[in-house]
Amino acid sequence: MSAPDPWWDLALDPADRDSEDSARRRDADGTPLVNAPDSEGRMGLDYASYLGLDGLLSAGEPATTVPDERAFIAVHQLCEVTFRLMIVDLGVVAGTLARLAEAPDETVTEPLPDESGPSAFWRPAMTAAARLRHSARNVLPSIMPYVGRSDNDDVLFSSIEFSQFRHALTPSSGFQTAQLRLIQRAFAKGPLLDLPVFPGEAYGTHYAGCPVGHVALGDPLVLQGGHSRAFPEPGTPQALVGDLDTLVHEALARLADRAEHPPPRVRRLYPEEVDRAAARFRQTLGSAPEADAISGAFRQRLAAAAERENERRESLGDARRGAAALHGPLRGSILAFVLDRLAAADHALHAPDADSFFTVHRKTVRRHVADEGGTGGGGMPYLVTSQRYLLPLFPALVAYTDLGVMDERDRERW
Ligand code: HEM
């Protein structure tokens, strides 16, 4: 197992961070790992070394001398730094929900705090969940104009200049972002990472040196060195991020006996939705040879994923009743606050709304490479299939979200 990442040396147990001293990261001899005072008590930490600026500010090498390429690199880096924070925040929420299993009922149902603030048990998860919603809803969509237009309509990134360097980047593409794939796994989109939905010609040619057909989002050939970021080693704190949706439904199931009325069943995936997505995928293949065989295989895989998902949803009866309790008698609890923000973050990232991150990204693509394939080889046809036909099938917190969406107060919270 690789050396633990200091970012994941987190104290979720209130006792481990009840004072600055108890929370200080130390080596086996008790010496602080960061900014240890010397024998005269002097501490040498400076801003640049604390933030690791040497590594951060020297990361990423332009392939060309085109000035706008620096903006292109910086924009992707800004998004990846935001994804990194989102993953740690998801880890804090997942770790807190995992600890909820051992917590007393009054902690599970703790109401939203008055001015004295939440209990130390919930404090990190409340700020983490609120940051997640902010990152997905405000930060990511507001980074993308760097490769588009500003609010006063200034052009911030030139398509002409872009065409001067983009081909030098083949087959690298935002499609290979491993961190976002882990975030998507946290939001119950793991089944989509196995689907052979992306034309793999570019990756086959450049990485494998042979044709590979259609590839999946989570394929090691696609994610290359980033694969372990999307699929962290089991047993590491990062790995818990991928289990977030399961942990949410386990926490909800604990509240099943608090529901006042039996709620409607969790919505199933219908064969028509699978057919619709498969037909769309077939359409993107046009008159390619073996198009029917490729789309037939895709349809089978999607149908199998939908069947497994429906079995999972069948098993969420208790979680569903717990969700009804959170939307009813336990409304205004901290757990509801946290779940609302998780659902809002999933929505702000993926929904086909005008201002979601994926939609803002698609508008950027339309602005710069509308008719051309992307450097990864999927282009707009893939992006539309993904956002309009596949992502909506796997919403996060499925036993919770569709129970509350109809209520205006919820909309306000969203
Ligand atoms: C000029 C700016 C950009 C253009 C023209 C562009 C173009 C594309 C294209 C064509 C694809 C489809 C895959 C392919 O064929 O390569 C794609 C996928 C993707 N890009 Fe971008 N991109 C841009 C900026 C960004 C930025 C700043 C991010 C932030 C991380 C990003 C993240 C992604 C992600 C996550 C995907 C996969 C989406 C999915 O799986 O549904 N892109 N991009």
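For this structure, a couple of remarks:
- Dipole in debye (nearest 20) - the range 1-151, about Cα centre, beta carbon charges: Lys, Arg +1; Asp, Glu -1: 580
- Solvent-accessible surface ranking, highest first, for SER173, SER356 at 1.4 angstrom: SER173, SER356
- Amide hydrogen proximity for VAL215: with H placed 1.01 Å from N in the peptide plane, the residues at 5 or more positions away or on another chain lying under 5 Å are VAL197, PHE198, GLY200.
- Surface share of carbon and sulfur [accessible, 1.4 angstrom probe, percent] for the range 312-366: 55
- Distance (nanometres) between label positions extended 7 Å along Cα→Cβ at HIS227 and ARG268: 3.6
- Helix-only mean residue ellipticity at 222 nm for the chain, each DSSP H run of n ≥ 4 adding -39500 (n - 2.57), per residue, nearest 500: -14000 deg cm²/dmol
- Residue-level accessible surface for TRP7, protein heavy atoms, 1.4 Å, Å²: 110
- Computed from point charges on the beta carbon alone (+1 for Lys and Arg, -1 for Asp and Glu), the dipole magnitude for the chain about its Cα centre is near 1200 Debye.
- Computed over protein heavy atoms with a 1.4 Å probe, the carbon and sulfur contribution to the accessible area of the range 1-127 reaches 55%.
- Tensor-based shape of the chain (alpha-carbon gyration tensor, a/c under 1.5 rounded, otherwise prolate or oblate): oblate
- Dipole of the chain, positive direction: furthest Cα of TYR382, VAL398, LEU140, with charges on the beta-carbon: TYR382
- Accessible area per residue, Å², the range 70-204 with all protein chains present, probe 1.4 Å: 42
- For the options ALA28, ALA120, ALA128, a Gaussian network treatment of the chain with springs between C-alpha atoms closer than 10 Å singles out ALA28 as fluctuating the most.
- Probing with 1.4 Å while keeping every protein chain in the model, the per residue accessible area of the range 321-398 equals 32 Å².
- Backbone amide hydrogens, once placed in the peptide plane, bring SER333 within less than 5 Å of LEU112, excluding anything fewer than 5 places away on its chain.
- In sequence order, calculated HN-Hα J values of the range 311-323 (Karplus, 6.51, -1.76, 1.60; Hz; x Gly/Pro): 4, 4, 5, 4, 7, 9, x, 5, 4, 5, 5, x, 5
- Heavy-atom accessible area ranking, 1.4 Å probe, most first, across TYR47, TYR207, TYR146: TYR47, TYR146, TYR207
- Take VAL365: with every protein chain present and a 1.4 Å probe, its accessible area is about 20 Å².
- Counting heavy atoms of the protein chains alone, PHE175 has an accessible area of about 10 Å² for a 1.4 Å probe.
- When the residues ARG17, ARG265 are ordered by accessible surface, computed with a 1.4 Å probe over the protein chains alone, the sequence from largest down reads ARG265, ARG17.
- Cα Rg over Rh - the range 102-215, Kirkwood: 1.15
- A simple charge model with +1 on the Cβ of Lys and Arg, -1 on the Cβ of Asp and Glu and nothing else charged puts the dipole of the range 281-414 at about 120 debye relative to its Cα centre.
- For SER158, distant residues with modelled amide H under 5 Å away: none
The values are calculated or read from the model by the stated rules, or taken from the named source; none is laboratory data. What you are looking at is a predicted structure, and each value in this text was computed from that prediction instead of being measured. Counting neighbours? That spans all protein chains shown, and the Cβs are built from the backbone with ideal geometry, glycine included. To get the accessible areas, we keep the full protein, side chains included, count just its heavy atoms, and leave off ligands, DNA and RNA. Shrake-Rupley method; radii C 1.70, N 1.55, O 1.52, S 1.80 Å.
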